[in-house]
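**Student:** One structure is given below, represented as structure tokens, and several questions about it will come after.
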Amino acid sequence: MVSKKVQFDEQQLIDAAKKVRVHAHAPYSGYRVGAALIDDNGQLHCGCNVENAAFPIGSCAEANAICSMVAAGGSRIVAIAAVGGAEDIEACTPCGGCRQSIREFSDENTRIILIGDGHKITSYSIDEMLPASFSLKPAS
Ligand code: THU
């Protein structure tokens, strides 16, 4: 499925991810992550990482932004940006689980936007991030 043409601004998405990162609940790792995505309705959804004293039930910023999109009725990610770091923003590439979560709602046009070292903005397709990925055909 190909995304409808939805315009987005890379810098605006990064800024939204930085803004939500402030709310990260990361008392155990100290690593705060913010994620912002634009869906196929042109809607912005944000998420931050939410850790828990029972470590395995903590959740990642990207996954939380995706949950927000789905709850609002969005079904495709046009672009998603993530920023993270223990103190300042550093290069923060999505973990394996988040790549699979992004993949579920991506197509070949979806952009995954990251801040690299030196704060350069780079973007990737899901195939670059997660080659030969697992998928299932939805049941009809
Ligand atoms: N984290 C994310 O939120 N997204 C990622 O893609 C990588 C890791 C969070 C999980 C945990 O709260 C902290 O960063 C350190 O791993």
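The values are calculated or read from the model by the stated rules, or taken from the named source; none is laboratory data. The structure presented is a predicted model; accordingly, all values stated were derived computationally and were not measured. Here the Cβ is made from the backbone with ideal geometry for all residues, glycine too, and neighbour counts use every protein chain on show. Remember, those area values only see protein heavy atoms, side chains included, never the ligands or the DNA or RNA. Shrake-Rupley method; radii C 1.70, N 1.55, O 1.52, S 1.80 Å.
**Student:** Could you list, in sequence order, the residues of the stretch 78-105 that are within 22 Å of S68 (Cα to Cα) and not in a helix (DSSP H, G or I)?
**Tutor:** V78, A79, I80, A81, A82, V83, G84, C92, T93, P94, C95, F105
**Student:** Another question, if that's okay. Give the stretch 9-28 a look and list any residue that's open to solvent by 70 Å² or more (accessible area, probe 1.4 Å) and part of a loop (DSSP other than H, G, I, E, B), or say none.
**Tutor:** Answer for the stretch 9-28, where residues must be open to solvent by 70 Å² or more (accessible area, probe 1.4 Å) and part of a loop (DSSP other than H, G, I, E, B): D9, V22, H23, P27, Y28.
**Student:** Additional query: Those residues that are in contact with a strand residue (DSSP E or B) (Cβ under 9 Å, 6 or more places away or on another chain) and either open to solvent by 50 Å² or more (accessible area, probe 1.4 Å) or within 12 Å of the ligand (Cβ to nearest atom) (or both), I need them from the stretch 88-103; list them, please.
**Tutor:** E90, A91, C92, T93, P94, C98, R99, I102
**Student:** Of the conditions (1) within 16 Å of the ligand (Cβ to nearest atom); (2) part of a loop (DSSP other than H, G, I, E, B); (3) open to solvent by 50 Å² or more (accessible area, probe 1.4 Å), E128 fails just one. Which one is it?
**Tutor:** (2) is the only condition that E128 fails.
**Student:** If a residue has to be out of contact with any Lys or Arg (no Cβ under 6 Å at 6 or more places or on another chain), away from the ligand (no atom under 11 Å from the Cβ) and closer than 21 Å to N109 by Cβ to count, how many in the stretch 71-86 make the cut?
**Tutor:** Selection size over the stretch 71-86: 8.
**Student:** Now a separate question. If you check every pair at least six apart or on different chains, which have Cβ atoms under 6 Å apart with a residue in the stretch 71-96 that is without any contact (Cβ under 8 Å) to a residue 40 or more places away in the chain first and a residue that is within 10 Å of the ligand (Cβ to nearest atom) and open to solvent by 40 Å² or more (accessible area, probe 1.4 Å) second?
**Tutor:** Partner pairs satisfying both residue conditions: none exist.
**Student:** Let me ask you something else. Looking at the stretch 46-59, is at least one residue touching a helix residue (DSSP H, G or I) at 6+ places or on another chain (Cβ under 6 Å), within 15 Å of I115 (Cα to Cα) and of a type outside the set (V, I, T)?
**Tutor:** The answer is no; no qualifying residue exists.
**Student:** Another question, if that's okay. Before we move on, is S75 assigned to a loop (DSSP other than H, G, I, E, B) and open to solvent by 20 Å² or more (accessible area, probe 1.4 Å)?
**Tutor:** yes
Condition check ((1) modelled with pLDDT of 95 or more; (2) in contact with a strand residue (DSSP E or B) (Cβ under 7 Å, 6 or more places away or on another chain); (3) not in a helix (DSSP H, G or I)) across all residues:
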{"residue": "G30", "(1), (2), (3)": "yes, no, yes"}
{"residue": "V33", "(1), (2), (3)": "yes, yes, yes"}
{"residue": "I38", "(1), (2), (3)": "yes, yes, yes"}
{"residue": "G42", "(1), (2), (3)": "yes, no, yes"}
{"residue": "H45", "(1), (2), (3)": "yes, yes, yes"}
{"residue": "A53", "(1), (2), (3)": "yes, no, yes"}
{"residue": "N64", "(1), (2), (3)": "yes, yes, no"}
{"residue": "V70", "(1), (2), (3)": "yes, no, no"}
{"residue": "D107", "(1), (2), (3)": "yes, no, yes"}
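**Student:** Then there's this: Any chance the stretch 60-70 includes a residue that's more than 13 Å from the ligand (Cβ to nearest atom) and open to solvent by less than 60 Å² (accessible area, probe 1.4 Å)?
**Tutor:** yes
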